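Q: Dropping the structure in here first, questions after.
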Amino acid sequence: MGKRRKQRKEESVSSLTKKQKKHLKEFGEQHPFYDQVSSVDERTQVVELPDSSEEESHSESEAESDAENPNVYQQLLATLKHVSDDDDDDDEEEDDDLEGVEDDGGTRQDENEHLASNEESDDSKDEQESDEEDDDAQEEDETREAERRGEDEDPTEPGDPAQQDIEEFTDHKDESKFSLETNFLEEDAKGQKPETTEPSSVNPEDPFKKHIDRELEEADITQITSNPKATSSVKWPSLGQLVFSSSFKKVHLLKSEKETDLAKLYLHEPLASTWPIANRSVVPGQRERNKFSPIQRELFTVMNSYRDLYYPSRMVNAQGEEIRRVYCLHALNHVLKANSQVLNNNSKKKDPKIGLDDEDDLRDQGLTRPKVLIVLPFRESALRVVQLLITLLEGSGEKIEVSNKKRFKKEFGSDPGDRPPNLKRPEDYEAIFAGNIDDHFRIGVSVLQKSMRLYSPFYSSDIIIASPLGLRTIIGSEGEKKRDFDFLSSIEILVLDQTDIYLMQNWEHVLHLMSHLNLQPSDSHGVDFSRVRMWSLSNWAKYYRQTLLFSAVQDPQINSIFNKHCCNYSGQVAVRNVPATGSICHVMVQLPHVFQRLEADSVLSVIDARFNFFTDKILPQYRDAIMSHTLIYIPSYFDYVRLRNYFKKEELNFTHICEYTDKSGISRARQHFLKGERQFLLVTERFHFYKRYMLKGIRNLIFYELPTYPHFYSEVCNMMTAWNKGEEATWTCTVLYSKYDAQRLAAVVGAKRTAQMLQSKKNVHLFVTGENN
């Protein structure tokens, strides 16, 4: 009996997830969320309490028995060490095991809840092996969803009784210290010197003052909302081709500034002195005149003009760090100027010796305090942004006071040992998924010249740093009782960094955020309306908001955000560089590429047109057994579900992998495909984005739609090198495209070929390798 009991205990521990094992090891018990509730009713046992004398004897005997017999959790902990060691060995056994990244696919599941439920119901009709796979995937996704929603505890300290969700923590203790309304007055009452000085924004040539102080009229708003945008192009040395657009009749072009004097760039103190120090790693060994890299100088020229900016060539390497530094400089410069203006007006209002000519001179605020919103995909990106803000405030001089800094590093930092060291992935993958890749976070930041508060309440914050998912959970949906988006009413600078990654997460969250920006708040939130700017009271804040949008690719959905949701009266600037060569030049296998053109009447009808074209024209060519080992690459999850259901209906011999498939399901599908037991393998683009597995056994490749990332095209094609040599003559690659895929097509085959393909309206056969290009 003892051996059986021990075996059952070991089995119960081995079935736990790593998070459950960690909780068991720290607290000696499993979290109540994972408790298994028995369906058998328990009997109530009546026990007669003994006398006090008997109690003492019983307690002594029980103490002795407890000392001899450890409790259940102590026995489990005794076996936990061996089990966890075995588990770690299994995780590092194969190159394709991604510890820490696998949970990302689960965090995307709220995008397609109804489709995922259809997937589970359809899979119930499959063979028993598929049923077990789907059950495992469903259980794992539910666990991840519970963790993401905060149902699973993540205590800040072991044994903390108030185990609250870390996302909801806010620091209220320093409200008076960081209050813009009372900060200067409180310091003056104590006889201390005010922290602020007269800002440089009093200069009438300061772009901040010129943008904020301009009062639009009804005729201007009508012109912005109704007139088509006038455009003009110019080429700059680093950014390339720039397209300037404006809703007004005349487009004012900018010149590529070569200004090296930081004083003439209207940087608020202390940024003029700290920026060269903070940017030293980007411009190493810089001399007095080289404060910016070439691309930083041109980007800051556009940002400092307060025009909207769309830069679709953001790389994840060192160039991405350059961009992050320059938008942090611009955002902090804006906040320091705005706060200094408020604090100086406080002193003017209090001092009776200073006569105010017009009360409107004190209108220096929005309806709520948050001015800057920085949207980022992962916690690691938020960590780097906050570190940059701190460096820009302190430089190498006196350290500033940063509250809750230790907590922030703990929750947003990462342990280098979290990821197995034996993983080999492309450079862009390593850069994207470095550090803490949790995509559910939001944090408020309050800023004064010599101090910063992290985790400040949103309505007391100057800068809000959050992910789309973190904002969606607080904005909520219509009909929910607990929802709030008033803090977005007075956002003056919106930064969307690494926007292409949101396409791999949940684009609906971004659209939901954009529809709730700069709306009239439902509550006053204690604002002094005599200090609110007139254009904010008129609900015109969206016409003053500057949007900075950075992406690695040009995509129609991202273009739509910039064209439809950005209506800055100062105008827009978009970088439109045409790719001379495409990613097809990086294909290293000798492979014929057949580009099949499909016709569609509109963007909405192209989805059905693509499906009908594939099932009627393409798929019949691959039904023959000789066309085995066919991989079908599908960028959209909606198209994946539609094709999977069609393959099941037609009883085709296939298997499938998506971002929700668990490890065992992925392994089975890969083995079936490699051995030829399944003729077709359906793969989603998100699976490739989050895993980057080498899929072996590909002879025939079909791109149901062109990839979002152009380099994915060459990566998938190069997987065919893992197949046996001597079979190259039978390999095929087929790509479906329409005239609405011009941007993606240009990124794959180049702009010149794209123009020819769209004009000819015929199928194109290319035989391209890396050697002859």
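The values are calculated or read from the model by the stated rules, or taken from the named source; none is laboratory data. Because the structure is predicted, anything quoted here is derived from the model rather than measured. Neighbour counts run over all protein chains shown; Cβ positions are idealised from the backbone, glycine included. Accessible surface is based on the protein model in full, side chains and every heavy atom, while ligands, DNA and RNA are left aside. Shrake-Rupley method; radii C 1.70, N 1.55, O 1.52, S 1.80 Å.
Q: Out of Arg533, Arg545, I need the residue that is modelled with pLDDT of 95 or more and basic (Lys, Arg). Which one? Give the steps one after another, and end with the answer.
A: On the way: Arg533 fails: modelled with pLDDT of 95 or more.
Result: Arg545 is the single residue among Arg533, Arg545 that is modelled with pLDDT of 95 or more and basic (Lys, Arg).
Q: If you scan region 470-486, which residues turn out to be of a type in the set (Asp, Glu) and open to solvent by 20 Å² or more (accessible area, probe 1.4 Å)?
A: Initially, region 470-486 is screened for residues of a type in the set (Asp, Glu), giving 478, 480, 484, 486.
Listed by number, the residues that qualify are Glu478, Glu480, Asp484.
Q: Go through region 306-346 and give me each residue that's part of a loop (DSSP other than H, G, I, E, B), of a type in the set (Ser, Thr, Tyr) and at pLDDT below 95.
A: The one that is part of a loop (DSSP other than H, G, I, E, B), of a type in the set (Ser, Thr, Tyr) and at pLDDT below 95: Ser313.
Q: Output the residues belonging to region 652-688 that are among the aromatic types (Phe, Trp, Tyr) and within 25 Å of the chain's Cα centre (by Cα). Step through it out loud before you land on a result.
A: Going through region 652-688, the residues among the aromatic types (Phe, Trp, Tyr) turn out to be 654, 660, 673, 680, 687.
Residues satisfying the conditions are Tyr660, Phe687.
Q: Take Leu549 and decide whether it is more than 30 Å from Pro228 (Cα to Cα), of a type outside the set (S, T, N, Q) and either open to solvent by less than 10 Å² (accessible area, probe 1.4 Å) or touching a residue at least 24 places away in the same chain (Cβ under 8 Å) (or both).
A: On the way: more than 30 Å from Pro228 (Cα to Cα): no; of a type outside the set (S, T, N, Q): yes; either open to solvent by less than 10 Å² (accessible area, probe 1.4 Å) or touching a residue at least 24 places away in the same chain (Cβ under 8 Å) (or both): yes.
Spelling it out, it is not the case that Leu549 is more than 30 Å from Pro228 (Cα to Cα), of a type outside the set (S, T, N, Q) and either open to solvent by less than 10 Å² (accessible area, probe 1.4 Å) or touching a residue at least 24 places away in the same chain (Cβ under 8 Å) (or both).
Q: Among the residues of region 572-584, are any part of a helix (DSSP H, G or I) and either at pLDDT below 95 or surrounded by fewer than 22 Cβ atoms within 10 Å (Cβ to Cβ) (or both)? Can you show your working first?
A: Kept after step one, since they are part of a helix (DSSP H, G or I), are these residues of region 572-584: 583-584.
Now drop any that are not either at pLDDT below 95 or surrounded by fewer than 22 Cβ atoms within 10 Å (Cβ to Cβ) (or both), which leaves 583-584.
Within region 572-584, one or more residues are part of a helix (DSSP H, G or I) and either at pLDDT below 95 or surrounded by fewer than 22 Cβ atoms within 10 Å (Cβ to Cβ) (or both).
Q: Something else now. So which residues in region 743-760 are open to solvent by less than 70 Å² (accessible area, probe 1.4 Å) and either farther than 26 Å from Asp608 by Cα or not in a helix (DSSP H, G or I) (or both), if there are any at all?
A: Correct list: Gly750, Ala751.
Residue-wise test of (1) part of a helix (DSSP H, G or I); (2) modelled with pLDDT of 95 or more; (3) open to solvent by less than 20 Å² (accessible area, probe 1.4 Å).
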site: Tyr640; (1), (2), (3): yes, yes, yes
site: Lys648; (1), (2), (3): yes, yes, no
site: Ile666; (1), (2), (3): yes, yes, yes
site: Met694; (1), (2), (3): no, no, no
site: Met719; (1), (2), (3): yes, no, yes
site: Ala729; (1), (2), (3): yes, no, no
site: Asp741; (1), (2), (3): yes, no, yes
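Q: Restricting attention to region 492-519, and to residues there that are touching a Phe, Trp or Tyr at 6+ places or on another chain (Cβ under 9 Å) and assigned to a loop (DSSP other than H, G, I, E, B), which single residue is surrounded by the fewest Cβ atoms within 10 Å (Cβ to Cβ)?
A: Leu519
Q: Does Met303 meet the test of being at pLDDT 85 or above, open to solvent by 20 Å² or more (accessible area, probe 1.4 Å) and among the hydrophobic types (A, V, I, L, M, F, W, C)?
A: On the way: at pLDDT 85 or above: yes; open to solvent by 20 Å² or more (accessible area, probe 1.4 Å): no; among the hydrophobic types (A, V, I, L, M, F, W, C): yes.
No, not satisfied.
Q: Let me ask you something else. Being modelled with pLDDT under 85, closer than 30 Å to Gln365 by Cβ and either out of contact with any Cys (no Cβ under 6 Å at 6 or more places or on another chain) or surrounded by 21 or more Cβ atoms within 10 Å (Cβ to Cβ) (or both) narrows it down to one residue among Lys258, Lys264; which is it?
A: None of the others qualify; the one that does is Lys264.
Q: Scanning for something open to solvent by 30 Å² or more (accessible area, probe 1.4 Å), under 27 Å from Trp731 (Cα atoms) and charged (D, E, K, R), does region 591-601 turn up at least one residue?
A: yes
Q: Quick one: Thr630 ticks every box in (1) open to solvent by 20 Å² or more (accessible area, probe 1.4 Å); (2) of a type in the set (S, T, N, Q); (3) touching a Ser or Thr at 6+ places or on another chain (Cβ under 9 Å) except a single one, so which number is it?
A: Failing condition for Thr630: (1).
Q: Here's a follow-up. Going by what's in this entry, would Glu298 be described as charged (D, E, K, R), within 28 Å of the chain's Cα centre (by Cα) and either over 28 Å from Thr231 (Cα atoms) or at pLDDT 90 or above (or both)?
A: Numbers: charged (D, E, K, R): yes; within 28 Å of the chain's Cα centre (by Cα): yes; either over 28 Å from Thr231 (Cα atoms) or at pLDDT 90 or above (or both): yes.
It is true that Glu298 is charged (D, E, K, R), within 28 Å of the chain's Cα centre (by Cα) and either over 28 Å from Thr231 (Cα atoms) or at pLDDT 90 or above (or both).
Q: I've got another one for you. Only residues that are in contact with a Leu (Cβ under 8 Å, 6 or more places away or on another chain) and either acidic (Asp, Glu) or at pLDDT below 90 (or both): list them for region 420-438, please.
A: If the condition is that a residue be in contact with a Leu (Cβ under 8 Å, 6 or more places away or on another chain) and either acidic (Asp, Glu) or at pLDDT below 90 (or both), then Leu423 is the only one that fits.
Q: Name the one entry in Ser538, Ser489, Ser446, Ser530 that is crowded, with 21+ Cβ neighbours inside 10 Å and farther than 20 Å from Val386 by Cβ.
A: Exactly one residue qualifies, and that residue is Ser489.
Q: Give Ser467, Ser403, Ser461 a once-over and let me know the one that is open to solvent by less than 10 Å² (accessible area, probe 1.4 Å), more than 21 Å from the chain's Cα centre (by Cα) and either in contact (Cβ under 8 Å) with a residue 24 or more places away in the chain or more than 25 Å from Glu181 (Cα to Cα) (or both).
A: So the residue among Ser467, Ser403, Ser461 that is open to solvent by less than 10 Å² (accessible area, probe 1.4 Å), more than 21 Å from the chain's Cα centre (by Cα) and either in contact (Cβ under 8 Å) with a residue 24 or more places away in the chain or more than 25 Å from Glu181 (Cα to Cα) (or both) is Ser461.
Q: Can you pull out the residues in region 366-401 that are part of a helix (DSSP H, G or I) and of a type in the set (D, E, K, R)?
A: Residues satisfying the conditions are Arg379, Glu380, Arg384, Glu394.
Q: Looking at Arg287, Arg280, can you tell me which residue is at pLDDT 85 or above, outside any helix (DSSP H, G or I), farther than 18 Å from Ser381 by Cβ and open to solvent by 30 Å² or more (accessible area, probe 1.4 Å)?
A: So the residue among Arg287, Arg280 that is at pLDDT 85 or above, outside any helix (DSSP H, G or I), farther than 18 Å from Ser381 by Cβ and open to solvent by 30 Å² or more (accessible area, probe 1.4 Å) is Arg280.
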